[in-house]
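The values are calculated or read from the model by the stated rules, or taken from the named source; none is laboratory data. The model shown is predicted, which means the values in this text are computed figures rather than measured ones. As a convention, Cβ positions derive from the backbone with ideal geometry for all residues, glycine included, and neighbour counts pool all protein chains shown. Ligands, DNA and RNA are stripped out before the accessible areas are found, and what is left, the full protein with its side chains, is counted by its heavy atoms. Shrake-Rupley method; radii C 1.70, N 1.55, O 1.52, S 1.80 Å.
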Amino acid sequence: RIRTLSDGVIYAVGLMMAGTVLWFCESRLSLVQITWLVAGLTVLLLLVRLPMGRHYAAGLEEMIRSNSIIIDEFDTYPIPLSPQSKEAVRELLQESDRYSQVKGLDLALRMSQPEDFLAEVEALVPEADGQLYEKAIALFSHCPALIEHWQERLADESLQSFALELLLIHQSLPSQAEIDGWLVCDRQELQMLGAIAQKIANPDAKPAWPQPLEPGPAKILTRVVTYGDTPHLKPLIAEVLLSQTRPEVICAGLEALLTLTQRGDETAAGIAQNQLNHRDPLVRMVAFDLLRVARCPEQLAAIGEGLKDSDPRVRQRAARALAAQGRAGLKLAKASLDDSRIEVVNTAITAIGLVRTKYASNLLYDYLAPSYKQLGQTRRWQQQIPNQDPRWHPLKTAIEDYHERLVQKVLYVLSALGHGRTVNEINRLLAARDRNELANAVEVLASLNHRRFVMPLMPIFESSGSASMETAPPEPPSTQPTTERDNPTPQWLRTRGYRVLLEALESKDRWIRIGALIALSSVPSALVHDSDSIVKQVAKEIFGPVDASTLPTNTTMNRLLLLKNVALFRNLSLDELLLIDKSLESAQVLANETIFDEGDWGSHLYIIADGTVQLTKAIDGNPRLLNQLGRGQYFGEVALFDDAPRWDGAIAQSDCTLLKLEKNRFLSLVTQRPHIILEMCRFLSQRLRETDKHRSEASLDPAQADSAQSPRSQDQGVLSA
């Protein structure tokens with residue numbers, strides 16, 4: 001921002017002012033006077049620049065402390081550190097907070113004289129954890145001027161391992177007697193260092209490596225191989241570390257190979273492929289990272305299988321490895337776009353998006369093209385299907401769900417194409433209950449350089465039928481007769497209804513087909529409204545009255561529609577709701593029966609499928625009614641996220657049918673679809689903002705707060721949380 005202002009605004013204004021001054025002075029001052037004026041202004045501006053540089057450095061350091069800047073991005077966007085930064089680094093290293101110490105070491109690594117921080121780092125080493133210890137080794141690994149200092153530190157037991165490791169990195173070997181002493185030492189770290197020293201001194205030696213190998217000593221070997229100029233030690237990674245059984249040790253070995261591997265290294269690629277079936281996902285993740293660096297075409301099929309891994313983190317690493325293969329990887333990822341598993345498709349989209357070429361962008365657009373085509377059909381169906389007939393409601397919901405899923409699919413594609421931060425903000429705006437926020441989101445989407453992916457969605461954003469626009473104004477009145485939209489007549493079925501149902505039944509989306517199947521039950525029942533009394537009577541005898549309680553939606557689809565209307569699950573798709581439905585348990589509770597008491601330990605979320613429930617809380621020893629909930633509302637949701645006693649109590653006011661979601665099943669569910677927990681957290685955060693606003697209003701105007709409470713009554717559970 002500073003550079004943009006400086007180069008784009010201040011510099012241009014300065015040139016204009018300088019030209020104006022010279023033009024003014026040309027006719028009023030002599031050449032000598034102009035020269036002195038320019039010299040004076042130069043000195044003045046230099047004096048102004050000096051404190052600006054100090055303030056810039058101080059501001060940069062403050063941003064690093066506050067996590068406003070990610071230090072790892074310094075390698076991509078070089079930011080100069082001033083000499084004054086040394087004091088800031090020392091302060092960070094001397095703080096007791098571990099995260100400040102890590103930041104201090106990260107900054108010290110980017111400065112030219114690491115020996116300036118020798119005393120501070122040595123004070124950290126004895127109590128340092130693995131990450132701090134490794135950063136401290138990296139700090140001095142390219143500082144040969146300190147070899148004599150580390151030799152002196154060998155006598156200090158608290159720094160002995162640290163000093164010896166740095167000496168081995170610089171190939172400064174101790175005496176053979178010292179090496180023999182370390183090999184029989186009780187500490188496994190010194191045993192490992194002694195074995196490495198023996199191997200450096202005699203490449204043909206076969207030292208006895210400590211067994212079973214712990215992760216700490218394994219890291220010592222990887223650091224000496226990585227930071228030291230000892231290529232003959234590289235085979236030890238596979239010989240010593242990859243032959244172990246502990247996943248942490250194997251990961252350490254693969255990570256060391258990662259820094260030593262070059263493109264086309266078939267040996268490293270073969271080692272990585274052997275670890276792709278390891279039971280631990282962390283090992284598989286590093287193995288795919290190694291394949292990404294090696295880029296050997298022979299492993300292409302193995303990388304493609306990684307797109308189907310059960311762990312989402314492994315799938316993401318496989319996507320990066322596949323993207324590194326270029327056009328051949330794109331071909332394999334394109335084939336995975338037709339997979340029936342959504343997680344495989346999403347991983348393939350990620351792999352294609354990472355390539356960042358026009359060809360990759362076209363592949364993703366072609367993948368979305370059939371969905372864009374069906375979008376035109378679904379919008380037309382949405383305008384034609386009856387509004388009030390309960391048999392058509394599942395089809396209407398399925399169409400809205402399809403629109404939601406299409407929006408999320410396009411946003412996922414945009415995120416894969418490099419717009420991740422923008423997409424995160426767009427999701428927040430789309431979930432907000434504010435039309436202005438939604439308009440801002442649409443404007444941002446339309447301004448992206450991949451706007452062609454967004455333009456087909458504009459009718460969804462503009463239509464009040466989209467579930468993403470919950471607070472948009474209602475649809476304008478239909479131009480069709482109300483009787484046709486509310487109660488389909490045989491004439492309407494012949495001219496429009498049959499066509500809509502036949503087209504919907506041919507859809508590739510299963511929820512639209514299910515909705516069309518349910519709507520088919522309205523075709524014969526339309527005769528119930530026939531003008532001929534005899535036909536009407538026979539139709540009633542055969543098909544019965546059009547009553548929601550007799551519809552086929554009283555099965556799976558009915559429960560999904562119920563869940564779709566639950567505010568907590570409002571942002572979830574029907575596919576995700578189906579997973580939740582499979583985890584629900586049904587329970588019958590009689591009127592006046594206690595569901596749970598205040599202070600009980602609970603592990604269930606409750607959804608009311610039928611009946612009413614009262615939420616109560618003891619205030620000054622007396623039970624007080626907090627809220628009354630009905631069908632489609634929920635309570636007890638905090639038990640899914642927290643291990644604490646119930647904040648309130650719940651009593652059945654009438655006979656109730658409750659759907660219960662147990663915490664362990666919920667946790668198992670979100671491991672399959674992490675997106676579910678993100679959507680629920682987005683809803684809960686929105687409710688917490690509303691709660692804060694509600695409390696602010698209550699503190700200012702109690703009467704106004706009472707009037708504002710009713711719209712929030714259905715979410716009293718979140719309010720209590």
- Query: Which ones in the range 105-134 are within 26 Å of L50 (Cβ to Cβ) and either more than 35 Å from the chain's Cα centre (by Cα) or in a helix (DSSP H, G or I) (or both)?
  - Reply: L107, A108, S112, Q113, D116, F117
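Determine which member of the set R379, R435, R428, R356 is out of contact with any Leu (no Cβ under 6 Å at 6 or more places or on another chain), at positive phi, open to solvent by 30 Å² or more (accessible area, probe 1.4 Å) and touching a residue at least 24 places away in the same chain (Cβ under 8 Å).
Details: R379 fails: at positive phi; R435 fails: at positive phi; R428 fails: at positive phi.
R356 is the lone residue from the list that is out of contact with any Leu (no Cβ under 6 Å at 6 or more places or on another chain), at positive phi, open to solvent by 30 Å² or more (accessible area, probe 1.4 Å) and touching a residue at least 24 places away in the same chain (Cβ under 8 Å).
Those residues that are assigned to a helix (DSSP H, G or I) and open to solvent by less than 10 Å² (accessible area, probe 1.4 Å), I need them from the range 305-331; list them, please. Let's see the steps before the verdict.
Step one: filter the range 305-331 for residues assigned to a helix (DSSP H, G or I), giving 305-306, 312-323, 327-331.
Hits for the range 305-331 are G306, V314, A318, A319, A321, L322, G329, L330.
So which strands (runs of 3 or more DSSP E) are wholly in the range 573-626 and hold at least 1 residues that are in contact with a Pro (Cβ under 7 Å, 6 or more places away or on another chain) and either touching a residue at least 40 places away in the same chain (Cβ under 8 Å) or buried (at least 16 other Cβ atoms within 10 Å of the Cβ) (or both)?
Because the criterion is at least 1 residues that are in contact with a Pro (Cβ under 7 Å, 6 or more places away or on another chain) and either touching a residue at least 40 places away in the same chain (Cβ under 8 Å) or buried (at least 16 other Cβ atoms within 10 Å of the Cβ) (or both), the strands (runs of 3 or more DSSP E) in the range 573-626 that meet it are 613-619.
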- Task: Tell me, yes or no, whether the range 291-304 has at least one residue that is of a type in the set (D, E), under 24 Å from the mean Cα position of the chain (by Cα) and surrounded by fewer than 24 Cβ atoms within 10 Å (Cβ to Cβ).
- Result: no
- What is the number of the single condition among (1) touching a Cys at 6+ places or on another chain (Cβ under 9 Å); (2) crowded, with 19+ Cβ neighbours inside 10 Å that D280 does not meet? (2)
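Determine whether Y402 is under 22 Å from F569 (Cβ atoms), modelled with pLDDT of 85 or more and open to solvent by 40 Å² or more (accessible area, probe 1.4 Å). So that I can check it myself, show each step before the final result.
Working: under 22 Å from F569 (Cβ atoms): yes; modelled with pLDDT of 85 or more: yes; open to solvent by 40 Å² or more (accessible area, probe 1.4 Å): no.
Against the criterion (under 22 Å from F569 (Cβ atoms), modelled with pLDDT of 85 or more and open to solvent by 40 Å² or more (accessible area, probe 1.4 Å)), Y402 does not qualify.
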- So which residues in the range 24-34 are open to solvent by 80 Å² or more (accessible area, probe 1.4 Å) and part of a helix (DSSP H, G or I), if there are any at all? F24, E26, L31, V32, Q33
